[in-house]
Structures are given as C-alpha cells and as structure tokens.
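Structure first, then comments.
Bear in mind that the values in this text are calculations on the coordinates, not laboratory data. Bear in mind the structure is a predicted one, so any value in this text is a computation, not a measurement. As a convention, Cβ positions derive from the backbone with ideal geometry for all residues, glycine included, and neighbour counts pool all protein chains shown.
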Amino acid sequence: MSVLRSRPVLRWLVPATAAVAVIGGGAAIGTFAAEAEPSLPPRTAAQLLVDLQTSRLEGLSGTVVQRADLGLPPLVGMVPGNDLTTLLSGTHTLRVWYSGPERQRVALLDTLGERDVIRNGRDVWTWDSRTNTANHRTLAGAGKPAPEAQPNLPATPQQAADLALGAIDPSTEVNVGRSATVAGRDAYELVLQPRDKDSLVHQLRIAIDAKQHVPLRFEVLAKGSDQPAFEVAFTQVDYRRPDADQFTFNPPPGVTVTEETAERPAAGRPGHPAPAGDPQVRAVGTGWTTVLVARLDGATGGKPAGDKPAGAPETDMSKLLGGLTAVSGDWGSGRLLAGKLFSVLLTDDGRVLAGAVTPERLYQAARG
C-alpha cells in the first residue's frame, strides 16, 4: 500500500535532488543534538498516516544534515571519483528551498565549495563551485518532472519518508513512537518495523511536524543497534515560500556551461539505474527482503569486461575485490560485502546480488 501515492507534495524535492548522489561530498558537523520530549495530544499511527496524506506544503527552506554509519569496510573508499561512496559514511550538510512542484533548489555544502541543483520551471541547472562548471537542461514541457533518476540515497527526510511509506504492506508493523523536538518543532514519531527476520533493518523512525505534518527527521536502525545507521534531518526549517531569486541561476564569471538535451539518459550511466523490466536485473522475493540480481556483461570472476571510459579514474579491481571476504557454498563462490544495513554478493560467474538482507538470504537467492 502506498499511502503517499496521491500526494505529489511529498515528492517536492525529487526533480532537484536527483543529482545529489552524483554531486556527492559533504562536511562533518557532528551529531544531532537531543532535545526534551514535548507533550503532545495522543495520535494513532493511522491518524499520522492521514496527516501525511492531507498536508499541503506551499513553501519551505532549511538546512538538512545527512549522516551515515553503514559499517562498510575501508576498501570502499578505494573507488576514486565515486561521489556516492562519500555519501555512505560521515556527515553531510545541504541547504534546501521549495516553492511548488516546479521550483526547487538543493545546495550540497562541503569544506571545499558548494554544488547546487536548481529547478526553475523548465530550466534545470547543476553547478560546481570547485570546478566552476555548470550544466543546463531545458525540459521538454512545463509541468513535467526532470528526466532524472531517483537518487541512490534520500537527500531530505521527506524523500526518505516517501520511499519508506510507499513500501508499507502486511510485512511491516507500524506504531507510534516517542514525541520529539526536531529543528525547534514539536513532532510525532512514526515507527516502521519489518516482520521478516532476514531483514537487516530493525526500525525506520519518521519524526513528523505536529502542525505542518511534514517529515522532519528520518532514521534507519540496523538490527542489534540502538543508534541510527542512516539519518537525515532538518536542523533548521522555515515554512515560508522562498523568494523567487533563490531559483534563478546566474553563471558566475568564467564558468564553463554545458548545454544538455532533455532526452532521458541511457540506462547504466552512473546515477541512472536500468528501467523497470530490464532483463539484466531481476528481483527475488518481496518486501523488506527483496534481493536484486544483476549480471555483469562479459564478467569473469565478478570483474566487468570492456574498455574503461575515457577520463574514468583508475581502480585496482583485483585489490578491491581481494579485500572482500571470500565465500562459497552450493550456489558457487564469490566475494561478500557486508554492511550494517545491506549485503552485496559478487559471484565468480559474474552475478551481483544485493539487498537489505542477511548474507544467508543472498546465498538462497544465488541458488535460483
């Protein structure tokens, strides 16, 4: 059941945040401060879901902090030039602005500069202050979403909540947690817990503004831990509609601008997963314990064949794969990457299996 499918307002940052996983980076600013638990009138889980469905967001601006501690081995950092790996650990800061479905802006801040994604009507800009480069795309028609893929990691509590609540089904237990104060706002807490014991997820916790009914914080707890493995939260929020100037991009002096077409990018590009129904990617199982299975074209020993794209960074794949745990069974043999919230199996016959599941569930899927 998708409780948010009829709620376009809960996708207010999807067009603009689609490039967040590509621009990556961030600056550590420490952990979120705990605040006293406010006293709020009781509300059931069903009432909170209705609150989310019926809220209306006209405008918003604020600061968002995303923190990840996924328990990944150090070798993940050996992949150069992959900004997604920077989002999988540490703490990162974003500034966000929203003024309706056609005007959004996300600024990802780090110690070396700023990277922005701006949507203003049909114009979509991305800008990197460190390289002083910008990309501009004109959308095919007004009112259509930017032709970008969903980001690999949610950039705001709202986007994270949308993804999580869209997956609610009988495999999920939904309850009300403790009230909280987030970004100076009183909030209820909605708690989602998988029923399947093979899921590595213990709980999802969503703090919902008691008055505006907007998600202010999203936490994912792994099994066996009482601290979030992934967290994204507002540290400051303002529900007034931002000035129009926030969505106007004026290229700074000396910037190199690249004009792009509005065509949908080819599947397989970084940050652009293959479309649904791609025969090379299939899903095994349902709900929280779904395992995605893909085959690397021309792969041997889990190593993709083919020439390295021009300008791609050098990666010592033998050293990278050698740092993973060697595993084998009646399904075959390969290498295992295990984190707090997900597992990835690279088999020697060229398959990749991944999910928020135990390694045993991956091995089970590999037998099929």
Quiz prompt | Inter-probe distance in nm under a simple model that places probes 7 Å from Cα toward Cβ, at Gln227 and Glu260 | solution = 3.7 nm
Quiz prompt | Added length on full extension, which subtracts the Cα-Cα distance from 0.36 nm per residue, Ala46 to Asp349 | solution = 104.4 nm
Quiz item: Could the peptides 173-182, 97-106 be put in order, highest first, of the mean number of other beta-carbon atoms found within 10 Å of their residues?
Solution: 97-106, 173-182
Practice problem: Taking every pair of Cα atoms in the stretch 156-257, average 1/r, invert it to obtain the Kirkwood radius, and report Rg/Rh to two decimals. | Solution: 1.13
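Arrange the following residues from fewest to most other Cβ atoms within 10 Å of their Cβ: Asp110, Asp209. Intermediate values should be presented prior to the final figure.
Details: Asp110 18, Asp209 22.
So the ranking, lowest neighbour count to highest, is Asp110, Asp209.
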